Amino acid sequence: MKDKILFVTKGGEQCDEGFSYALELAKTLNVTIETLIMQPTNLTVQFEDIMAAAAFAEAGDLKTMKEIMECEQKTCREKLNSRIAELARKAEETEITMVCHTSEGDVAAAIKAFLKERPNIDMVLISPSFSQNKKTFDLKKLLKNISKPIVHISRPAAAEI
């Protein structure tokens with residue numbers, strides 16, 4: 001069985017952040033990539049849609065509010081699926097085998113559960129998309145619970161002129 005790298009990223013616009021590094025590492029080590037995309041529990045991203053849904057809810061029109069929220073969530077899922085397809089195309093171009101999975105909830109718990117199901121994963125790569133908000137991702141908690149090597153990919157420093 002071929003060794004694997006687990007690349008963990010947030011779903012959304014920045015889900016491919018750090019993916020090129022994961023691809024190059026997989027190519028160098030001759031391993032496959034398992035990608036775990038963490039979806040937010042609430043997929044709504046458009047502020048206007050949230051406000052419109054709230055206005056309908058206040059007016060007592062719960063049916064319209066629900067329709068707005070479902071439409072927005074469907075749009076978010078479609079965007080996520082297209083981003084996953086884009087990541088798969090990049091992996092295919094470099095002849096790296098990649099499998100995508102999605103999960104919701106706590107990042108550390110999702111990674112721990114994922115590794116429990118797949119013991120042949122040798123390393124965990126954490127996308128830079130998790131470095132923005134320390135409340136959504138606790139690296140110390142992850143290090144306490146997982147015995148695999150963990151690499152948190154950082155963003156390149158901005159050049160100052």
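Take the residues of the range 64-87 that are surrounded by 15 or more Cβ atoms within 10 Å (Cβ to Cβ) and among the aliphatic types (A, V, I, L, M): which is modelled with the highest pLDDT?
LEU87
Suppose the filter is modelled with pLDDT of 75 or more, over 16 Å from GLN14 (Cα atoms) and over 13 Å from the mean Cα position of the chain (by Cα); does PHE114 pass it?
Working: modelled with pLDDT of 75 or more: yes; over 16 Å from GLN14 (Cα atoms): yes; over 13 Å from the mean Cα position of the chain (by Cα): yes.
For PHE114, the condition - modelled with pLDDT of 75 or more, over 16 Å from GLN14 (Cα atoms) and over 13 Å from the mean Cα position of the chain (by Cα) - is met.
Can we say ASP61 is modelled with pLDDT of 75 or more and not hydrophobic (A, V, I, L, M, F, W, C)? Write out each step before concluding.
Numbers: modelled with pLDDT of 75 or more: no; not hydrophobic (A, V, I, L, M, F, W, C): yes.
So ASP61 does not fit the description; no.
The values are calculated or read from the model by the stated rules, or taken from the named source; none is laboratory data. Here the structure is a predicted model, which is why all the values come from computation and not from measurement. Glycine also receives a Cβ, built like all others from the backbone with ideal geometry; neighbour counts cover every protein chain displayed.
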